[in-house]
Amino acid sequence: MILHTRWMCRFRYLFLSLTVMLTAACSTMTGTGDLQDTVGVQKSPAISHPSGEPVTMSAANLLLLLEPGSDNNPFGDDLQDGEFGVPGASCQPEPEPAVNLEELKCLFYTEYSETLGLELEGTEDPHLIMAIEEWLGTPYRLGGCSKNGIDCSCLVKTIYETVYGLSLPRTSGEINREIVPVEVDELKTGDILCFRTRGRRISHIGIYLRDNKFVHASRSYGVTIGDLTSQYFQKRFVTAGRLKDVPAIQVSLEDSSRHE
């Protein structure tokens, strides 16, 4: 049943991606480059990643925008009750059956499950998942804090600033002192993991995802997904916790508009 659902999600993703590309091609043929009709519908607002960078209008990214009344909805008030539609495209093909929010959630979490290499359950904060994916593959550099190279504490600090608007200290030890400890069996997506990789002090941190997986900046592999149950990290794990100023790290898609 799960396998069938995932294949259905992939099929819907491919279908929606093709629809978006056809719509973009129609818009280009009008000579405007914007989604507007011949009577002058105002062009859509810019779509951006939580980091502020423009994002590709894929089915997965549209998931974050398809909330009626949301300021980030690029399709204006024509979008009602979670339906997907592109109003006013002058050469738009015949409308297909509406895609509801649950289907788009399925597409989003299926795509990012494959990207991150773990099975997301669909309750994880989508803004956090996108911010993590943005940094995957970035090389490690001690003291670095950019796409040219980043260390573990700056990775956590940057993601928390991007997603939650919180300013964390710069070092692993200082961040550790800011968290409220939680038991391993109570971990939620977004919690912070602390390790001793050398000496007696906290020298490495990461952000918990689920199923014992976490994102961190590895000296050997750069920003990657680690496994808390591996022998290396089991020996070096010290504590886990969450910040007092983050009231609900694990949220549903319907609540994600609190970040906007």
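Only the coordinates and a few stated rules stand behind these numbers; no lab work does. Given the structure is predicted, the values throughout are model-derived calculations rather than measurements. In this analysis, Cβ positions are derived from the backbone assuming ideal geometry, glycine residues included, and neighbour counts consider all displayed protein chains.
In this simple spin-label approximation, LYS147 and ASN212 carry label points 7 Å from Cα along the Cα→Cβ vector, and these lie 3.4 nm apart.
The gain in end-to-end length when the SER220 to LEU118 segment is fully stretched comes to 34.6 nm, 0.36 nm per residue minus the alpha carbon separation.
Excluding same-chain neighbours fewer than eight residues apart, the lysines reachable from LYS188 by a Cα-Cα span under 28 Å are LYS105, LYS147, LYS157, LYS213, LYS235, LYS244. Near ARG141: Cβ cut-off under 15 Å, other residues only, Lys/Arg at +1 and Asp/Glu at -1. The net charge is +3. For TYR232 and ARG170, FRET efficiency with R0 = 25 Å and r from the beta-carbon atoms, rounded to 0.05? The formula returns an efficiency of 0.50 here.
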